[in-house]
1. When the residues of the range 116-163 are filtered to those that are crowded, with 21+ Cβ neighbours inside 10 Å and among the hydroxyl-bearing types (Ser, Thr, Tyr), which remaining residue is farthest from the ligand (Cβ to nearest atom)?
2. Output yes when any residue across the range 191-199 is within 16 Å of the ligand (Cβ to nearest atom) and among the basic types (Lys, Arg), and no when none is.
3. Take the residues in the range 54-68 that are hydroxyl-bearing (Ser, Thr, Tyr) and more than 10 Å from the ligand (Cβ to nearest atom), then tell me which one is most open to solvent (accessible area, probe 1.4 Å).
4. I'd like the full set of residues that are away from the ligand (no atom under 14 Å from the Cβ), closer than 17 Å to GLY137 by Cα and within 17 Å of the chain's Cα centre (by Cα), limited to the range 5-53.
5. Of these, ALA231, ALA218, which one is in contact (Cβ under 8 Å) with a residue 24 or more places away in the chain, outside any helix (DSSP H, G or I), surrounded by 10 or more Cβ atoms within 10 Å (Cβ to Cβ) and not aromatic (Phe, Trp, Tyr)?
6. Going residue by residue through the range 169-179, is there one that turns out to be open to solvent by 10 Å² or more (accessible area, probe 1.4 Å), outside any loop (DSSP other than H, G, I, E, B), small (Gly, Ala, Ser) and farther than 22 Å from SER45 by Cβ?
7. For the range 84-94, what are the residues that are open to solvent by 30 Å² or more (accessible area, probe 1.4 Å) and touching a helix residue (DSSP H, G or I) at 6+ places or on another chain (Cβ under 7 Å)?
8. For VAL81, all conditions in the list (1) closer than 27 Å to ILE193 by Cβ; (2) surrounded by fewer than 19 Cβ atoms within 10 Å (Cβ to Cβ) hold save one; what is the number of the exception?
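The values are calculated or read from the model by the stated rules, or taken from the named source; none is laboratory data. These figures come from a predicted structure and were not determined experimentally. So basically every Cβ, Gly included, is an ideal-geometry build from the backbone, and we count neighbours across all protein chains shown. All accessible areas refer to the heavy atoms of the entire protein, side chains included, with ligands and DNA or RNA removed. Shrake-Rupley method; radii C 1.70, N 1.55, O 1.52, S 1.80 Å.
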Amino acid sequence: MVIRIRQLIEWKQEKRPIVALTAWDYPIAQLLDRAGVDLILVGDSLGMVALGYKNTLPVTLEDMLHHTQAVVRGVKRALVVSDLPFLSYQESPQQAMHSAGRVLKETGAQAVKLEGGYPAMAETVAQLVKVGIPVMGHVGLTPQSVYQLSGNRQQGNSPESAERIFADAIALEQAGAFAIILEHIPAKLAAQITQKLAIPTIGIGAGPDCDGQVLITADLLGLSERLPPFAKSYVNLQEAIERAVQDYSREVRERLFPEAE
Ligand code: KIV
């Protein structure tokens, strides 16, 4: 079954958790899709996991188009969503339409994701949805505001901050977003938002009561240099890869590989 947006809403109603992960290239996308992941996000976290940047700010629309094209080639079943990178959509709804339009036209991804809420992003989401571009929202810790937020700290701790995140989520739903990422906020706040909204919430560092969960796949695979406090590694591929490369190097140096035959 190919996953469509409607399916995510049905899963929320059925309380069937949505499984999401990030991908940045063809082999990773193929592996995630074969393993049965429901939603594959080409996140601008590819700036850190694939391009060696310190944060997501340097990632360009061209980077996102290039990597999303590779991911889409590897996916047969999952819904593919592509991030709009920093300053490819914040200037105006027209700029957002141009960037999101390029993502849909040139990559084959079915939807875009953008960060932020009321009022500017709610208006932008409404404009995109009006022309038929599906949008996923993203509130709480929004990594493109890393400097404004003074780092990647938890959001929604004070009553004012929690209220603002709650209002942002409602504004995004009213604007027509089909789902919302809740990043690094208290579990209780995420549960309240999830209960209030008719569209699915996908949590990352937002507790167990969201309608789905997403992780950065490099974190899950043990490929990241630093793990966020809420992430979990299920395997240590860094160690496995280093060991394989050391074994190969030793065998080449000792003339054990390739064998004469
Ligand atoms: O860029 C990304 O990978 C993301 C996830 C943290 C949800 O936005």
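1. THR124
2. No, the range 191-199 contains no residue that is within 16 Å of the ligand (Cβ to nearest atom) and among the basic types (Lys, Arg).
3. THR60
4. ILE5, LEU8
5. The match here is ALA231.
6. Within the range 169-179, one or more residues are open to solvent by 10 Å² or more (accessible area, probe 1.4 Å), outside any loop (DSSP other than H, G, I, E, B), small (Gly, Ala, Ser) and farther than 22 Å from SER45 by Cβ.
7. PHE86
8. (2)
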